[in-house]
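The values are calculated or read from the model by the stated rules, or taken from the named source; none is laboratory data. What you see is a predicted model; the values in this text were computed from it and never measured. Reconstructed Cβ throughout: ideal geometry from the backbone, glycine too, with neighbour counts over all protein chains shown.
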Amino acid sequence: MNNIFISFIIPAYNAEPYLKECLDSIYRLDTHGRAFEVIVVNDGSTDGTANLLANYQQGHAHLQVTIQENRGLGAARNVGMKRAQGEYLCFVDADDRLFAAKVPVEMMEKYQADIYGVNLYQTDFSGKRNPYRRYVPDYEKVMSARAFMQGRNLQPCAWGYLWRTTFLREHHLGFVEGMLHEDEEFTPHAFALADTFVALNIDWYERILRRESITTTADREKQQKRLRDMVKALQHLEALAQKDSKIRTSMQYKLDYLAVDTLRVLLRQRHPRPFRREITAALRQLGYFPLHWHNEWKYAFFNLYTRLILS
């Protein structure tokens, strides 16, 4: 892979207001002298993103830019993955930034894991920064990726991990194109197939909430597509779980909570009754509505509540 240690993959769609800050955060990293590359996939932007990238390339080596028609986040990431030459991949959303001061080269070379977890932060609309779903298991402990997924530690965002490139390619892993929340399918799928996982105690990524993002949009059509795609992710993962009992064991907790998240979003957004019936019918067909039983009291309470409200 041409001795490139890490490839940073950034999909960019109309990212002019914040892309420079994102790129700056990567170029500030100490890579311990190891080569890196930055791959930006301009996904059909109609603003000044292309000009910004052209100007940025003049003063920054290792920056590759690919321009394509708008095909969505998953398709843009897939293009970046195909072009990447690094031993490891790091996905970065164009409206976020890296929090880290250095790439953990020594630890990554020591453990040679398929997937590394890192510490994440989230900055809200007021500018307040807080830890975002920190890891529970011991840091720097080699463990089974499937065992890690059995608990509540797995967060689905692909940018929350560093990925060994050969692992992803050996298993032909990629993002489902056209799907919102494609990470909900990609990340559990990858953990189900990976051998080793190591959580590193390094502050790495800062997620920045934007009012126009997919998760915060008030656009009813986008909200409904998001929910349909969450069901689609559950369908894909359930099909994978049915192929192997060990994968089933490792994924079941995550599958149950994906169903919970789907119902939680459905209720919070107050969709019309016909659409609510559509989603619950799809979950029922998959065997996830009513929800499975768990002993955790919050889960049990929500289970009973959804049975009363949505049945």
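Tabulated results
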{"quantity": "Yes/no for GLU221 being charged (D, E, K, R) and buried (at least 17 other Cβ atoms within 10 Å of the Cβ)", "calculated": "no"}
{"quantity": "Test result for ALA190, under 16 Å from ALA145 (Cα atoms) and either within 16 Å of the chain's Cα centre (by Cα) or outside the structural domain of ALA75 (by TED's automatic domain parsing) (or both)", "calculated": "yes"}
{"quantity": "Complete set of residues in segment 40-60 that are touching a Phe, Trp or Tyr at 6+ places or on another chain (Cβ under 7 Å) and either closer than 16 Å to ARG97 by Cα or not in a strand (DSSP E or B) (or both)", "calculated": "GLY44, SER45, HIS60"}
{"quantity": "Any pair with Cβ under 8 angstrom, 6 or more apart, that starts in segment 297-311 at a residue that is in the same structural domain as TYR257 (by TED's automatic domain parsing) and more than 14 Å from ARG276 (Cα to Cα) and ends at one that is surrounded by 12 or more Cβ atoms within 10 Å (Cβ to Cβ) and at pLDDT below 95", "calculated": "ALA300/HIS294; ASN303/HIS294"}
{"quantity": "Residue tally, condition within 18 Å of GLU238 (Cβ to Cβ) and of a type outside the set (A, V, I, L, M, F, W, C), over segment 255-273", "calculated": "4"}
{"quantity": "Criterion (part of a loop (DSSP other than H, G, I, E, B), touching a helix residue (DSSP H, G or I) at 6+ places or on another chain (Cβ under 6 Å) and farther than 21 Å from GLU185 by Cα) met by exactly one of ALA15, ALA100", "calculated": "ALA15"}
{"quantity": "One residue from VAL92, VAL65, VAL103 being under 19 Å from the mean Cα position of the chain (by Cα) and either closer than 25 Å to GLY174 by Cβ or surrounded by fewer than 23 Cβ atoms within 10 Å (Cβ to Cβ) (or both)", "calculated": "VAL92"}
